[in-house]
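A.B. asks: Got a structure for you, written out below as structure tokens; questions coming shortly.
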Amino acid sequence: MTTVVWFKRDLRTRDHGPLVAAAALGEPVLPLFVVEPGYWQLPDTSERHWGFIDDSLRDLKRQLRKLRSDLIVRGGSVTEILTQLHKSVGVKRVFCHQETGGQWTFERDRSVVAWCDSHDIEFREWQQFGVVRRLRDRDRWDDEWSRVMKAGIHDAPAQLPPLPAGMHASSAWHPPQPACNDACPDRQAGGSTRGENLLTSFLERRCVGYQYNISSPVTAVRACSRLSPHIAYGTVSLREIYQQARAAGQHRNTLPRKQRSLTSFRSRLHWHCHFIQKLEDEPELEFRAMHRELENLKNSPNDTERLQRWQEGQTGWPLVDACMRALHHTGWINFRMRAMLMAVASYQLWLHWREPALHLARQFTDFEPGIHYPQAQMQSGLTGINALRIYNPVLQSQKLDPDGEFVRRWLPELAGVPAEMIHTPWLMTPAQKQRFGGNTYISPVCDHEQAARTARRAIGEFRKQHVSRAETERVLKRHGSRKGPVQKRPTLPSDRGKPDQLSLFD
């Protein structure tokens with residue numbers, strides 16, 4: 001009889017509890033990945049996601065072959081594939097990691113559990129990192145996170161038992177047809193090998209000055225670890241990243257500056273799980289405002305022209321447009337700029353959060369539902385426990401890209417505009433545009449300062465009329481960050497940490 005190790009967002013062999021447990025049984029092991037057509041028709045999936053997964057599957061296949069096994073890739077629903085395998089090789093167990101995804105994957109997992117129950121097949125899940133299933137007390141979450149992240153690392157098995165007799169793996173598989181077929185010329189490549197190399201280069205050299213350089217899109221490309229897609233798809237274990245970063249930061253020969261940088265980096269690993277825990281505890285956050293009374297803040301349909309201009313990097317605000325075009329081309333932008341993109345869509349453009357969130361999900365190669373949806377809501381002012389963070393796109397541009405280096409790279413229309421004018425090209429005179437260029441760059445969609453004031457006033461008035469302390473307390477109790485028992489909180493809203501520091505892991 002066969003043990004199926006079902007790979008999902010854990011495309012690696014090292015620190016893989018289900019794989020280690022299956023190998024220890026001494027019976028045939030079938031490593032399985034299922035390409036699920038239904039999943040790839042969801043509105044938050046895209047071709048760039050599959051490209052990273054495809055790279056990672058090929059690397060995983062090479063790793064498994066070194067263990068004298070192979071990766072079986074099949075297309076269809078998971079229960080259909082398990083039914084086929086049960087008929088051909090006899091499935092005795094299904095081992096896998098827990099996954100905190102969207103509603104679709106949640107229902108998929110429930111159907112797999114029901115299938116196993118109906119066929120008298122053992123089903124076991126392993127906790128992959130510091131997200132706790134069926135968490136009863138958020139007050140003690142930090143303790144559980146620390147326990148899991150400091151636990152021992154599972155080495156990859158020396159070798160795996162053979163595949164079931166008659167089972168042959170193919171080196172090719174049919175790719176899905178994502179709802180969003182988009183080109184991403186400079187997408188990060190996937191696979192554990194690349195992820196481990198990134199971790200090594202970050203810990204050895206690139207991490208120094210991390211906390212100072214991650215905000216600017218100019219410096220963040222190198223200063224950030226760039227491990228985010230590898231964490232999202234599990235090509236490298238988050239626990240191993242944490243432990244290696246901790247060891248590097250505590251080594252007696254490590255300079256204080258590097259120690260501080262790695263401390264900052266580890267704090268973002270903590271925030272990674274903190275945000276995913278929100279979706280784990282309340283799956284409805286994929287679709288509904290965290291603070292339920294804020295659900296009706298925006299009831300009218302989105303302005304389609306504004307949404308399209310934002311999506312295409314044509315708002316007329318240089319830094320916003322440069323970020324969106326860079327994101328489309330590379331699949332990545334640093335967290336500070338992600339927050340600004342979402343905030344501009346929600347406040348200055350007054351768009352309902354859901355469509356912008358879906359667009360960004362499709363653009364991010366490192367899309368992680370548990371981080372993405374709570375963060376999209378936080379940057380849209382829908383949590384009720386965070387102060388509004390309304391970004392001024394001009395001030396952000398002047399502060400984070402003072403020389404216009406990033407803007408010029410992604411907005412060729414402004415390539416000849418000097419630094420003192422590039423952040424507000426709409427203020428250039430006709431003579432200046434004739435001299436420096438910029439005639440072809442679009443005018444701003446609106447006055448961003450006036451739009452920000454209008455948004456702040458509208459949200460303030462809505463909160464006064466429709467937001468209750470009881471609902472705010474409910475959100476804080478369920479999702480707020482804290483250590484130890486809940487203390488009396490006389491002031492609302494609050495959630496420790498500045499909003500732009502609550503990191504989409506970058």
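The values are calculated or read from the model by the stated rules, or taken from the named source; none is laboratory data. Bear in mind that the values here come from a model prediction, so they are computed numbers and not experimental data. Glycine gets a Cβ as well: all are built from the backbone with ideal geometry, and neighbour counts include every protein chain shown.
A.B. asks: Every residue in the range 106-124 that is closer than 14 Å to residue 7 by Cα and touching a Leu at 6+ places or on another chain (Cβ under 9 Å), please.
C.D. replies: If the condition is that a residue be closer than 14 Å to residue 7 by Cα and touching a Leu at 6+ places or on another chain (Cβ under 9 Å), then 112 is the only one that fits.
A.B. asks: Which condition does residue 140 not pass, out of (1) over 18 Å from the mean Cα position of the chain (by Cα); (2) surrounded by 17 or more Cβ atoms within 10 Å (Cβ to Cβ); (3) within 20 Å of residue 478 (Cα to Cα), if it passes all the others?
C.D. replies: Unmet condition: (2).
A.B. asks: Please verify whether the range 395-407 includes one or more residues that are part of a helix (DSSP H, G or I), in contact with a Phe, Trp or Tyr (Cβ under 6 Å, 6 or more places away or on another chain), surrounded by fewer than 22 Cβ atoms within 10 Å (Cβ to Cβ) and not basic (Lys, Arg).
C.D. replies: Scanning the range 395-407, I find no residue that is part of a helix (DSSP H, G or I), in contact with a Phe, Trp or Tyr (Cβ under 6 Å, 6 or more places away or on another chain), surrounded by fewer than 22 Cβ atoms within 10 Å (Cβ to Cβ) and not basic (Lys, Arg), so the answer is no.
A.B. asks: Here's a check for you: in the range 425-475, which residue that is in a loop (DSSP other than H, G, I, E, B) and in contact (Cβ under 8 Å) with a residue 40 or more places away in the chain is nearest to residue 295 (Cα to Cα)?
C.D. replies: Here the residue is 467.
A.B. asks: Would you call residue 200 free of Cβ contacts under 8 Å to residues at least 40 places away in the same chain, loosely packed, with under 14 Cβ neighbours inside 10 Å, closer than 20 Å to residue 264 by Cα and of a type outside the set (Lys, Arg)?
C.D. replies: Criteria met by residue 200.
A.B. asks: Failed condition for residue 143, given (1) part of a loop (DSSP other than H, G, I, E, B); (2) without any contact (Cβ under 8 Å) to a residue 12 or more places away in the chain, with all others met?
C.D. replies: For residue 143, the failing item is (1).
A.B. asks: Give the residues of the range 187-203 that are within 18 Å of the chain's Cα centre (by Cα) and either charged (D, E, K, R) or within 16 Å of residue 54 (Cα to Cα) (or both), sorted by residue number.
C.D. replies: To start, the set of residues in the range 187-203 that are within 18 Å of the chain's Cα centre (by Cα) comprises 187-192, 195, 198-199.
Listed by number, the residues that qualify are 187, 188, 189, 190, 191, 192, 195.
A.B. asks: Something else now. What is the residue count in the range 65-113 for residues that are assigned to a strand (DSSP E or B) and touching a Phe, Trp or Tyr at 6+ places or on another chain (Cβ under 9 Å)? Write out each step before concluding.
C.D. replies: Restricting attention to the range 65-113, the residues satisfying the condition of being assigned to a strand (DSSP E or B) are 72-75, 91-97.
Now restrict to residues that are touching a Phe, Trp or Tyr at 6+ places or on another chain (Cβ under 9 Å): 72-75, 93-97.
Summing the residues that are assigned to a strand (DSSP E or B) and touching a Phe, Trp or Tyr at 6+ places or on another chain (Cβ under 9 Å) in the range 65-113 gives 9.
A.B. asks: Would you pick out the residues in the range 87-100 that are under 27 Å from residue 120 (Cβ atoms) and in contact (Cβ under 8 Å) with a residue 40 or more places away in the chain?
C.D. replies: The first filter runs over the range 87-100 and keeps only residues under 27 Å from residue 120 (Cβ atoms), leaving 87-99.
Of everything in the range 87-100, those that are under 27 Å from residue 120 (Cβ atoms) and in contact (Cβ under 8 Å) with a residue 40 or more places away in the chain turn out to be 88, 89, 90, 91, 92, 93, 94, 95, 96, 97, 99.
A.B. asks: Of the residues 93, 124, 110, which is farther than 29 Å from residue 361 by Cβ and under 27 Å from the mean Cα position of the chain (by Cα)?
C.D. replies: Just one listed residue meets the conditions, 124.
A.B. asks: Would you point out the residue of the range 374-384, among those that are on the phi < 0 side of the Ramachandran plot and part of a loop (DSSP other than H, G, I, E, B), that is surrounded by the most Cβ atoms within 10 Å (Cβ to Cβ)?
C.D. replies: Keep residues of the range 374-384 that are on the phi < 0 side of the Ramachandran plot, which gives 374-380, 382-383.
Subset that is part of a loop (DSSP other than H, G, I, E, B): 379-380, 382-383.
On the way: 379: 31, 380: 27, 382: 25, 383: 25.
By that ranking, first place goes to 379.
A.B. asks: Got a sec? Which of 305, 286, 295 is farther than 17 Å from residue 425 by Cβ and at pLDDT below 95?
C.D. replies: Answer to the selection: 295.
A.B. asks: Condition check: among the hydrophobic types (A, V, I, L, M, F, W, C), buried (at least 16 other Cβ atoms within 10 Å of the Cβ), under 30 Å from residue 354 (Cα atoms) and within 17 Å of the chain's Cα centre (by Cα). Does residue 275 satisfy that?
C.D. replies: Working: among the hydrophobic types (A, V, I, L, M, F, W, C): yes; buried (at least 16 other Cβ atoms within 10 Å of the Cβ): yes; under 30 Å from residue 354 (Cα atoms): yes; within 17 Å of the chain's Cα centre (by Cα): yes.
Yes, satisfied.
A.B. asks: Of everything in the range 58-86 that's free of Cβ contacts under 8 Å to residues at least 60 places away in the same chain and of a type outside the set (D, E, K, R), which residue is surrounded by the fewest Cβ atoms within 10 Å (Cβ to Cβ)?
C.D. replies: By that ranking, first place goes to 84.
A.B. asks: Then there is this: Mind checking whether some residue in the range 20-34 is closer than 26 Å to residue 373 by Cα and surrounded by 20 or more Cβ atoms within 10 Å (Cβ to Cβ)?
C.D. replies: The answer is yes, given that some residue of the range 20-34 is closer than 26 Å to residue 373 by Cα and surrounded by 20 or more Cβ atoms within 10 Å (Cβ to Cβ).
A.B. asks: What's the total number of residues in the range 287-324 that are assigned to a helix (DSSP H, G or I) and buried (at least 17 other Cβ atoms within 10 Å of the Cβ)?
C.D. replies: Here the count works out to 14.
A.B. asks: Kindly provide the set of residues from the range 2-32 that are assigned to a strand (DSSP E or B) and either among the hydroxyl-bearing types (Ser, Thr, Tyr) or under 21 Å from the mean Cα position of the chain (by Cα) (or both), ordered by number. Break it down stepwise before answering.
C.D. replies: Step one: of the range 2-32, the residues assigned to a strand (DSSP E or B) are 2-6, 29-32.
Within the range 2-32, 2, 3 qualify.
A.B. asks: Another one. Identify all residues within the range 337-352 that are more than 22 Å from the chain's Cα centre (by Cα) and surrounded by fewer than 24 Cβ atoms within 10 Å (Cβ to Cβ); write none if there are none.
C.D. replies: 349, 350 - these are the residues of the range 337-352 that are more than 22 Å from the chain's Cα centre (by Cα) and surrounded by fewer than 24 Cβ atoms within 10 Å (Cβ to Cβ).
A.B. asks: Then there's this: How many of the residues making up the range 331-373 are assigned to a helix (DSSP H, G or I) and closer than 24 Å to residue 303 by Cβ?
C.D. replies: 22
For every residue, the table says whether it meets (1) at pLDDT below 95; (2) in a loop (DSSP other than H, G, I, E, B); (3) surrounded by fewer than 22 Cβ atoms within 10 Å (Cβ to Cβ).
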site	(1), (2), (3)
168	yes, yes, yes
173	yes, yes, yes
216	no, yes, yes
239	no, no, yes
244	no, no, yes
